[in-house]
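Only the coordinates and a few stated rules stand behind these numbers; no lab work does. This is a predicted model, so every value here is computed, not measured. Quick reminder, even Gly has a Cβ in these numbers, built from the backbone with ideal geometry, and neighbours come from all protein chains shown.
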Amino acid sequence: MSDRQIPFRSVANHIQDFKEELAQIAAAPADAPQGLPGRFYADETYFQHEWDTVLRNGWHCAGRIDEVPNVGDYFTLMLLGEPIVVVRDESGIKALSNVCRHRGMRLAEGSGNIKRFVCPYHAWMYGTDGTLLRAARMKNAGFDAKQCKLGEFHVIERFGFIYVSLAAEAPDFDKSVDGLWDLISAYEPENYELVHSATEIWKTNWKCLVENFMEGYHLSVVHPQTLHGYTPTGLSQKAASGEGFTSYYANYPQDIASRGNGATGLTEEARHRSTLFSVFPCQVVSIAATLLVSLSIRQFAVDAIEVKWTMSNYKGELDEDTIQQRVELWEEVNREDREKLEIMQQSFRSIRADGGPLAEDDYEGTVLDFQHWLARQSAAENPAG
Ligand code: FES
Ligand SMILES: [Fe+2]
């Protein structure tokens, strides 16, 4: 047993301490907001609690709708330890359990198009709706194929994204993002077409990436060559927030030309900025007139996440060279952020990483929104234990 592990009987007290501290920090006066101490990002027991509660109960962005445009198109993902296959069936998009009902083999890998899922272990065959269609040599009288349908998870489509929830009773997505549609509808987010997708491993806690992506305070410091010229820190501007989301505008300097037209309903002001938003807990997005970049954060350890990021282009407006430049730019931006977050993660076990003051609304108000959301989720949980 390592000295960081906690005896079983004190786990409930340990979590209760975190919950009380979170409530206390979130109740700080409006003019003196405080960030969370490092232990909230480094404590393995608290992370396990988040996994079972705020993460398990949330809606997670699995990808873009146009990753599965045709019947039979599928892609796989691992969400909080659940192997899932997202597949387009005749009736729409489904999120099926990617676990064979016979002895638990994974049915599908990667992405592609199929008519049937055939298990690579004993060749049980399933339809794209999860129904077991064939199980060779299963003659036992007590075997009932109808009882062997693949498990299924909640799935919805919004803004051109696919969201999945593992919760027994999925939370009300539309209620939690009430106000977000008003913010982004003029961009027509459902009309952006996928041009790039990649997956990376970052050695950081999941909350750090949400906070990092959602604050403009670091832009000019961390991204002097890549972003500062377009979206300098000084032009960051807090935008709408709601029960389960937050946002800010990364405005472009006056002497910078807009980068493409995008949707006809966009104002000149909207063309002259990127709008960054987060759908809590695990999606962060940048939407601009012609470019939509989304990061989905998938946890697998307190200090490690898989990041799936997608780039989409408004109705094919950008040519291939420009898209390639943007992909390279975002690869560099992600690398710059990742480097900082991975160093911070190593500091979080310090007793001096005790949570510092946050900057005002336009710079770190989004971090505070996220913290308040975490505190509300925590308060709504049944008492720990
Ligand atoms: S585990 Fe799938 S058919 Fe046996
Ligand atoms: Fe950044």
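Just to confirm my filter: which strands (runs of 3 or more DSSP E) fall fully inside segment 94-137 and include at least 2 residues that are more than 9 Å from ligand 1 (Cβ to nearest atom) and farther than 20 Å from Asn70 by Cα? Write out each step before concluding.
On the way: elements: 111-113, 116-118, 125-127, 132-134.
Qualifying strands (runs of 3 or more DSSP E): 132-134.
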Return the residues of segment 320-354 that are exposed (fewer than 15 other Cβ atoms within 10 Å of the Cβ) and not in a helix (DSSP H, G or I); say none if nothing qualifies. Arg349, Ser350, Ile351, Arg352, Asp354
Go through segment 300-348 residue by residue and tally those that are out of contact with any Gly (no Cβ under 9 Å at 6 or more places or on another chain) and aromatic (Phe, Trp, Tyr). 2
Inside segment 169-197, the number of residues satisfying the requirement of being of a type in the set (Ser, Thr, Tyr) and closer than 17 Å to Glu268 by Cα is 2
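Among the residues of segment 138-155 satisfying the criterion of being assigned to a loop (DSSP other than H, G, I, E, B), in contact with a strand residue (DSSP E or B) (Cβ under 7 Å, 6 or more places away or on another chain) and not charged (D, E, K, R), which is nearest to Ala288 (Cα to Cα)? Please lay out each step first, then the result.
Of all residues in segment 138-155, those assigned to a loop (DSSP other than H, G, I, E, B) come to 138-144, 149-151.
Pick out the ones that are also in contact with a strand residue (DSSP E or B) (Cβ under 7 Å, 6 or more places away or on another chain) and you get 149-151.
Cutting the leftovers down to not charged (D, E, K, R) gives us 150-151.
Working: Leu150: 39, Gly151: 37 Å.
Per the stated criteria, the residue is Gly151.
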Is segment 290-297 home to any residue that is surrounded by fewer than 19 Cβ atoms within 10 Å (Cβ to Cβ) and part of a strand (DSSP E or B)? no
Restricting attention to segment 230-247, the residues that are more than 15 Å from ligand 2 (Cβ to nearest atom) and either in contact with a helix residue (DSSP H, G or I) (Cβ under 7 Å, 6 or more places away or on another chain) or of a type in the set (Lys, Arg) (or both) number exactly 11
Among the candidates Leu209, Leu227, Leu276, which residue alone is over 16 Å from the mean Cα position of the chain (by Cα), within 16 Å of ligand 2 (Cβ to nearest atom) and crowded, with 21+ Cβ neighbours inside 10 Å? Leu227
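Would you confirm whether any residue within segment 111-121 is among the charged types (D, E, K, R), farther than 30 Å from Thr366 by Cα, out of contact with any Ser or Thr (no Cβ under 6 Å at 6 or more places or on another chain) and away from ligand 2 (no atom under 16 Å from the Cβ)? Write out each step before concluding.
At the first step, the residues of segment 111-121 found to be among the charged types (D, E, K, R) are 115-116.
From what is left, the residues that are farther than 30 Å from Thr366 by Cα are 115-116.
Now drop any that are not out of contact with any Ser or Thr (no Cβ under 6 Å at 6 or more places or on another chain), which leaves 115-116.
After this cut, where a residue has to be away from ligand 2 (no atom under 16 Å from the Cβ) as well, the list is 115-116.
The answer is yes, given that some residue of segment 111-121 is among the charged types (D, E, K, R), farther than 30 Å from Thr366 by Cα, out of contact with any Ser or Thr (no Cβ under 6 Å at 6 or more places or on another chain) and away from ligand 2 (no atom under 16 Å from the Cβ).
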